[in-house]
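The values are calculated or read from the model by the stated rules, or taken from the named source; none is laboratory data. Remember, predicted model here, so these are calculated numbers, not experimental data. A quick note on method: Cβ atoms are made from the backbone with ideal geometry, for glycine too, and the neighbour counts reach across all protein chains shown.
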Amino acid sequence: MNIPVKNETPSEVLCSNCKACCCRLEVMLISDTGVPEEHIKRDQWGGETMLRLSDGWCSALDRETFMCTIYENRPWICREFEMGSYECRDERAEFL
C-alpha cells in the first residue's frame, strides 16, 4: 500500500528517497558558514541568499546525486531544516 506524501512519517523520509525538495526553497544567509561566493546571490540592499539556477534548484545541489556539494559549509537554515520534519514532508508533498 502506498502512503500519500502528506501522510509520510518522519521515518519514511530517508537519504535514499529524499529528492532534495528543500533545495528549491529560497535560503537566506543569516550567518557565516563559509558558503563559497559562487553560490551567493546579493540583492540591491546587500541581502544574501543561496543562488538558484534557472531550473529553480540551489546552485550547490549536484543534479545527478541530489546531494549538497558544499555540505560542510551549508547555510545555517539548511542545517536546521530537519529531514522528515513537518516542513520537510510539506515541501515533498508540493514537489512530488
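Can you tell me which residue is surrounded by the most Cβ atoms within 10 Å (Cβ to Cβ) among those in the stretch 50-60 that are of a type outside the set (A, V, I, L, M, F, W, C) and within 21 Å of E87 (Cα to Cα)? If you could, list the steps in order and put the result at the bottom.
From the stretch 50-60, those of a type outside the set (A, V, I, L, M, F, W, C) are 52, 54-56, 59; that's our starting set.
After this cut, where a residue has to be within 21 Å of E87 (Cα to Cα) as well, the list is 52, 56.
Numbers: R52: 19, G56: 10.
Per the stated criteria, the residue is R52.
A60 fails exactly one of the following numbered conditions: (1) touching a Ser or Thr at 6+ places or on another chain (Cβ under 6 Å); (2) farther than 19 Å from F95 by Cβ; (3) among the small types (G, A, S). What is the number of that condition?
The failed condition is (2).
Restricted to the stretch 68-93, and to residues that are at pLDDT 90 or above and either outside any helix (DSSP H, G or I) or basic (K, R) (or both), which residue is surrounded by the fewest Cβ atoms within 10 Å (Cβ to Cβ)?
Only one residue fits best here, namely R79.
Rundown of residues vs (1) part of a strand (DSSP E or B); (2) at pLDDT below 95; (3) among the small types (G, A, S), yes/no style:
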position: G34; (1), (2), (3): no, no, yes
position: E38; (1), (2), (3): no, no, no
position: Q44; (1), (2), (3): no, no, no
position: D55; (1), (2), (3): no, yes, no
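For G56, all conditions in the list (1) without any contact (Cβ under 8 Å) to a residue 12 or more places away in the chain; (2) at positive phi hold save one; what is the number of the exception?
Result: G56 fails condition (1) only.
Name the residues in the stretch 1-32 that are among the charged types (D, E, K, R), modelled with pLDDT of 85 or more and not in a loop (DSSP other than H, G, I, E, B), would you? First the steps, then the outcome.
Here is the first cut: in the stretch 1-32, the residues among the charged types (D, E, K, R) are 6, 8, 12, 19, 24, 26, 32.
With the extra rule that they be modelled with pLDDT of 85 or more, the set shrinks to 24, 26, 32.
Passing the criteria: only R24.
So which residues in the stretch 17-49 are among the β-branched types (V, I, T) and either surrounded by fewer than 10 Cβ atoms within 10 Å (Cβ to Cβ) or in contact with a Lys or Arg (Cβ under 6 Å, 6 or more places away or on another chain) (or both), if there are any at all?
So the first thing to find is which residues in the stretch 17-49 are among the β-branched types (V, I, T), and the list is 27, 30, 33, 35, 40, 49.
Passing the criteria: only T49.
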